[in-house]
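Notes follow once the structure below has been shown.
The values are calculated or read from the model by the stated rules, or taken from the named source; none is laboratory data. All values reported here derive from a predicted model rather than from experimental measurement. In this analysis, Cβ positions are derived from the backbone assuming ideal geometry, glycine residues included, and neighbour counts consider all displayed protein chains. The accessibility values were calculated without ligands, DNA or RNA, using every heavy atom of the protein model including side chains. Shrake-Rupley method; radii C 1.70, N 1.55, O 1.52, S 1.80 Å.
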Amino acid sequence: MNTDTKLLSIIIPCYNEEQAIPLFYQETMKQEFFFREKGVELEFIFVNDGSKDGTVEAVKELHKQDERVHLISFSRNFGKEAAIFAGLEMAKGDYTVLMDADLQDPPSILPEMYNYIEQGYDSVATRRVNRIGEPPIRSFFARCFYSLMQKISKTEIVDGARDYRLMTRQVTDAILSMKEYNRFSKGIFGWVGYQTKWLEYENVQRVAGETKWSFWKLFLYSLDGIMAFSTVPLSIASFFGILFCLAAFIFMIFIFVRALIYGDPVAGWPSMVCIISFIGGVQLLCLGIMGQYLSKLYMEVKNRPKYLVKERF
Ligand code: UDP
Ligand code: MG
């Protein structure tokens, strides 16, 4: 082995993936030959995000056969974002790649990704071109989310982008330098910049187990994304304020003129109730938005650790 041997760290966040882990390892090892030819060693970093099944045992089993398999196990479920961060922190590689345990990120394209890095790209990202096999309602909301993000955020957040991404050490360190507690990786990747090559592939169904994301969890995650990478919602209050002032002014003139022409009949109680409750609603909405940002700020200020480790090897 020559001294220029490079190391590629494969980071796999796992939450209840005991069935998928052996399959993932098997599939990914098929690419080992390619990397060996290139003088690149592999290391696996499985991040156990507080699984309730035999995920830890499955990783230990692999570690017995192959000591390049590492584990970092959390004290409870901290979420995929925390798992990504922990994995990147633990990775020693000259290159890092983030992959899901369920083989929805096909290892077969790793060589192609690496070739682009060799050509000088700083990171190689992937996106799905379709969402076959996903509930249509979920796809619909996902598309709404991305088109909204494109309008209200300066950071580029690509529709269908996966977290599956091969990065150089420089990009990895840039991502680690972003210490925020409320993490939204898709935005962070865009924010750090660097030259990125996008690869596209058709959606693949997960090999085993089931998705960990309920509709509600995804909805909350999308709010995290919006609040982490846009402050536009905060200006909604100003927008409505100006709008209502204008409307009120026009309405005043209208009432004044009508009173001059037709006298002053006391009417319009129902319309008054509608207007008051509408404005009340908008005020509560704006207050709610402020509250959301405040709660994020509160969590950031507390500066709690992003994850706690129970075991690592
Ligand atoms: N995951 C995690 N913590 C969580 C939820 C998910 O580490 O709280 C991992 C999960 O084990 C998988 C990856 O994140 O490796 C993607 O999750 P999943 O496949 O359930 O999401 P989907 O592909 O359905 O969007
Ligand atoms: Mg998946």
Item to check | Loop-resident sites, region 17-114, for GluC sites (Glu not before Pro), counting at most 14 other Cβ within 10 Å (DSSP) | outcome: GLU67
Item to check | the chain: angle of helix 269-302 to the longest principal axis, Cα-based, in degrees nearest 10 | outcome: 30 degrees
Checklist entry - Near TRP216, within a Cβ-to-Cβ distance under 14 Å, what is the net charge of the other residues, with Lys and Arg +1 and Asp and Glu -1? => result +2
Next on the checklist: Once neighbouring chains are kept in place and the probe is 1.4 Å, which whole percent of the accessible area of region 191-294 is contributed by carbon and sulfur?
Outcome noted: 75 percent
Checklist outcome for this item: In Å², rounded to a whole number, the accessible area per residue of region 1-84 with probe 1.4 Å is 47 Å²
Next on the checklist: If I compute solvent accessible area with a 1.4 Å probe over the protein chains, what percent of it on region 18-96 is carbon and sulfur?
Outcome noted: 47 percent
Checklist entry - Once phi is turned into θ = phi - 60°, what whole-Hz ³J(HN,Hα) does the Karplus curve with 6.51, -1.76 and 1.60 give for every residue of region 173-187, x standing for Gly and Pro? => result 5, 4, 5, 5, 6, 8, 8, 4, 7, 7, 9, 9, 4, 4, x
Item to check | Charge-dipole axis of the chain as Lys and Arg at +1 and Asp and Glu at -1 on Cβ define it, positive-most pick from VAL204, ILE157, PRO106 | outcome: ILE157
Next on the checklist: Using the crude model of +1 on Lys and Arg Cβ and -1 on Asp and Glu Cβ, and no other charge, please compute the dipole size for the chain relative to its Cα centre, in debye to 20.
Outcome noted: 960 debye
Item to check | 0 to 90° range, to nearest 10: angle between helix 236-262 axis and the chain longest Cα axis | outcome: 20 degrees
Checklist entry - Can you pull out the trypsin sites (Lys or Arg not before Pro) in region 1-56 that DSSP calls coil and that have at most 12 other Cβ atoms within 10 Å? => result LYS30, LYS52
Item to check | For region 82-92, Karplus couplings with θ = phi - 60° (6.51, -1.76, 1.60), whole Hz, Gly/Pro x | outcome: 5, 5, 4, 4, 4, x, 5, 5, 7, 5, 9
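I'd like the trypsin sites (Lys or Arg not before Pro) in region 98-191 restricted to DSSP loop residues with at most 13 other Cβ atoms within 10 Å, sorted by number.
Passing sites in region 98-191 are LYS154, LYS179.
Report, for the chain, the % of DSSP beta bridges that are antiparallel, rounded to 5. All intermediate terms of the calculation are to be shown ahead of the outcome.
On the way: 11 of 35 bridges.
So the antiparallel bridges amount to about 30 percent of the total.
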Checklist outcome for this item: Filtered hits (lysines, Cα-Cα < 25 Å from LYS52, offset >= 8 within chain) -> LYS60, LYS64, LYS80, LYS212, LYS217, LYS306, LYS310
